[in-house]
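The values are calculated or read from the model by the stated rules, or taken from the named source; none is laboratory data. Keep in mind that what you see is a predicted model, and the values were worked out from it rather than measured. Cβ placement follows ideal geometry from the backbone for every residue including glycine, while neighbour counts extend to all protein chains displayed. We work out accessible area using only protein heavy atoms, side chains counted, and drop any ligands, DNA or RNA first. Shrake-Rupley method; radii C 1.70, N 1.55, O 1.52, S 1.80 Å.
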Amino acid sequence: MRLVLVLGDQLSAGLSALLKTDKATDVVVMAEVMGEASYVPHHPKKIAFTFSAMRRFAEWLRGEGWQVAYTRLDDPENTGSITGELIRRASEYGAVGVVYTEPGEWRLIEALAEMPLKTHCLPDTRFIASHQEFEDWAKDRKQLRMEYFYREMRRKTGLLMDGDQPEGGKWNYDHDNRKPAPDQVDFVGPLRFAADEEVLDLVAKRFGDNFGKLRPFWFATDTDQAQDQLSHWVEGGLLKFGDFQDAMLNEHRFLYHSLISFYLNAGLLDPLDVCQQAEAAYRGGHAPLNAVEGFIRQIIGWREYMRGIYFHEGPDYVGRNALGHTRALPAMYWGGETKMNCMAKSVAQTHDEAYAHHIQRLMVTGNFALLAGVHPAEVHEWYLAVYADAYEWVEAPNVIGMSQFADDGIIASKPYISSGNYIHKMSDYCGSCAYRVQDKTGEKACPFNLLYWHFLDRHRARFEGNPRMGNMYRVWDRMADERRETVLREADAFLAKVDAGELT
Ligand code: FAD
Ligand code: DLZ
Ligand code: SF4
């Protein structure tokens, strides 16, 4: 008999390791272990989600006739690591080897490959593109831009295709999307499900000091519930998803977002199936093309592309620091007080929900870290810890590449930076901020305004020649010398306060 490993983000009936083994003879191993639960200080909601969903999946497997050797975190025999549990179970059952589906982090891929057991690693087929398909696409390309990869995925899946042409004649309808924040939000946000109280008690006891609020816990923890969330959103949220994808509001944490990334990444939902349900809403006349195309692009485009980059670039990707940034992550990321309302709101929401939407991650917390020159490894560790959907294969390319430009432009053709103006346009944060977004210098100047120019000035040699950034340098150069000096002096003073842990 063989052991069949099922990890906490491999909770799929169609997992390759389950399909290629035999429930009559083989034994599934699942384990709640400190190694996985503490390699970064995960948000308590993320740990509770993982353990609750693992327990439900184990129950489901047993119902399907599998024998499951499940280790709970507080089991006295628990060795504390996935490899330790496999070695222990192998001797307990006299197993000849272990079959597993490739994990989503190099860390674990390497640990499993080095185990003193006979192993068989299978590809993770829960994605649209295999590693080989991504490599074939990437081969001989000077630039690996998402948009072209996305078109391949549209052709491959047939999603929103009209023969060999894109539905409606265009591949991308983003010019119809991304409107400023609406006055009212007429969607109620995600469904809330009953929690496994036993798991919550365990997490409160063992991880109660981690950053993040455990209760109320509302996540779906099995496929049926996750599907209910998806249907609820397709009916109520998809319609305006495109329009307000980039908007941010003080009083609406979820706006029209789907809140399915946790479920997709843990394996409770299948990406192609999710996209087909969104396409059916469009074909049935229930949702407009700009919304549905935008949503499908996030999944078969961005999500698949990010995974491709993670595996294409290799284990050293997470350590890259192309801009040589060295600042420590400011305390405000862990809930320290700040006068910047956009930062305070994005971090508070992250603390409470283990969730922030894309623009909060990219243009508020990510933007600030990049402008301030925070070490990308610290930024990476924070994102990996605090979001319930964070696994390195998707988090690292988003943080190291898209958000921090630490990969030297593999993912982004220019850094995602902005002054306060962008945040002001897309949100209602600035109206209730101690800083003034219209002030470019002075005591109340929005820190994003100061740091924006500071960033451009200190990285001039690298970005001046970038055709998409020439305009920014021309604006900077047209400012009076005295004004430029004031901006840089005030930005330095602001950063010194951040470093000293003073209220900023
Ligand atoms: P929606 O806005 O409703 O989008 C639908 C789906 O599209 C998402 O569920 C997700 O599966 C997919 N998607 C959208 N954008 C991306 C993207 N850039 N990369 C991959 N998939 C995408 N996403 C994660 O799943 N895990 C992460 O750890 C993660 N870290 C991020 C870090 C930074 C700095 C940034 C800028 C983005 C990160 N993202 C990450 C991408 C994105 O922010 C989340 O996928 C999204 O906010 C999840 O919320 P949602 O399900 O409501 O998404
Ligand atoms: C995220 C997570 C946590 C918190 N705990 C466990 C665990 O105890 N056991 C487990 O099998 N998986 C866990 N996971 C998910 C893994 O960290 C994930 O499978 C790897 O990071 C690879 O993506
Ligand atoms: Fe953020 Fe600046 Fe607006 Fe304040 S004024 S909310 S710091 S962008």
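Return a whole-number percent for the relative contact order of the chain, with Cα pairs under 8 Å and 6 or more residues apart as the contact set.
This gives 16 percent for the chain.
Want the number for residue 421 to residue 172: 0.36 nm per residue separation, take away the alpha-carbon distance, what's left? Kindly include the intermediate steps, with their values, before the conclusion.
Details: separation 249, 0.36 × 249 = 89.64 nm, distance 2.56 nm.
Extra length from residue 421 to residue 172 when fully extended: 87.1 nm.
Spin-label point model (7 Å from Cα, Cβ direction): what's the residue 107 to residue 215 distance in nm?
A separation of 2.9 nm, rounded to one decimal place.
Could you pull out every one of the lysines with an alpha carbon less than 23 Å from that of residue 20, ignoring same-chain neighbours closer than 8 positions?
118
For residue 170, go through the aspartates and glutamates and keep the ones whose alpha-carbon is under 13 Å away, minus same-chain ones fewer than eight residues off.
147, 162, 293
How much mean residue ellipticity at 222 nm does the chain get from its helices, if each DSSP H run of length 4 or more adds -39500 (n - 2.57) and you divide by all residues, to the nearest 500 deg cm²/dmol?
One gets -12500 deg cm²/dmol as the mean residue ellipticity at 222 nm.
Any idea how far apart residue 192 and residue 477 come out in nm if each label point goes 7 Å out from Cα toward Cβ?
5.6
Under the Kirkwood approximation applied to all pairs of distinct alpha-carbon atoms, what is the hydrodynamic radius of the range 4-100 in Å?
13.7
Kirkwood hydrodynamic radius for the chain: how many Å is it when counted over pairs of different Cα atoms?
Answer for the chain: a Kirkwood hydrodynamic radius of 24.1 Å.
Across bins of 5 angstrom width beginning at 0, how are the C-alpha pair distances of the range 331-500 distributed, in whole percent?
For the range 331-500, the binned pair fractions read 1, 8, 17, 22, 21, 16, 10, 3, 1, 0 percent.
What's the carbon and sulfur percent of the chain's accessible surface, probe 1.4 angstrom, rounded to a whole number?
So the carbon and sulfur contribution to the accessible surface is 48 percent.
Using alpha carbons only, how many angstrom separate the centre of the range 1-48 from the centre of the range 211-252?
25
Report the Rg/Rh value for the range 37-191, based on alpha-carbon coordinates and the Kirkwood definition of Rh. Kindly include the intermediate steps, with their values, before the conclusion.
Values: Rg = 22.2 Å, Rh = 20.7 Å.
Over the Cα atoms of the range 37-191, Rg/Rh equals 1.07.
Enumerate the aspartates and glutamates that residue 45 could reach by cross-link, defined here as Cα to Cα under 13 Å, with residues fewer than 8 away along the same chain left out.
Answer for residue 45, where 13 Å is the Cα cut-off: 196, 197, 201, 209, 352, 353, 389, listed by chain and number.
Which FRET efficiency value, to the nearest 0.05, is calculated for residue 493 and residue 179 with the Förster distance at 30 angstrom and r the Cβ-Cβ distance? Mind showing how you got there, number by number?
Values: r = 36 Å, r/R0 = 1.21.
Computed FRET efficiency for residue 493 and residue 179 comes out at 0.25.
Let me test this: with uniform point scatterers at the alpha carbons of the range 264-408, what is the Debye-based log₁₀ I(q)/I(0) at q = 0.09, 0.12, 0.14 1/Å?
Each listed q corresponds, in turn, to -0.32, -0.55, -0.73.
Dividing the alpha-carbon Rg of the range 241-311 by 2.2 N^0.38 Å yields what?
Dividing the Cα Rg of the range 241-311 by 2.2 N^0.38 Å gives 1.18.
Cα centroid distance between the range 355-375 and the range 257-285, in Å?
First find each Cα centre; the distance between them is then 26 Å.
Expressed in nm to one decimal, what extension gain is obtained for the pair residue 74 and residue 130 from 0.36 nm per residue of sequence separation less their Cα-Cα distance?
16.5 nm
State in Å² the accessible area per residue of the range 331-500; use a 1.4 Å probe, count heavy atoms of protein chains only, and round to the nearest integer.
Details: 6380 Å² over 170 residues.
For the range 331-500, the per-residue accessible area is 38 Å².
Counting Lys +1, Arg +1, Asp -1, Glu -1, what net charge surrounds residue 397 among other residues with beta carbon under 12 Å of its beta carbon?
-2
Compute the separation of the alpha-carbon centres of the range 113-178 and the range 414-486 and state it in Å as a whole number.
The range 113-178 and the range 414-486 have Cα centres spaced 35 Å from each other.
Work out the count of Lys pairs in the range 331-500 where the Cα-Cα distance is under 26 Å, with the pair 8 or more places apart or on different chains.
14
Please give the length that would be gained between residue 358 and residue 138 if that part of the chain were fully extended, namely 0.36 nm times their separation in residues minus their C-alpha to C-alpha distance (nm, one decimal).
Length gained, residue 358 through residue 138: 76.7 nm.
Skip the ligands, DNA and RNA, and give the accessible area per residue of the range 3-122 with a 1.4 Å probe, whole Å². Mind dumping the intermediate values first?
Numbers: 4580 Å² over 120 residues.
Computed with neighbouring chains in place, this is 38 Å² per residue.
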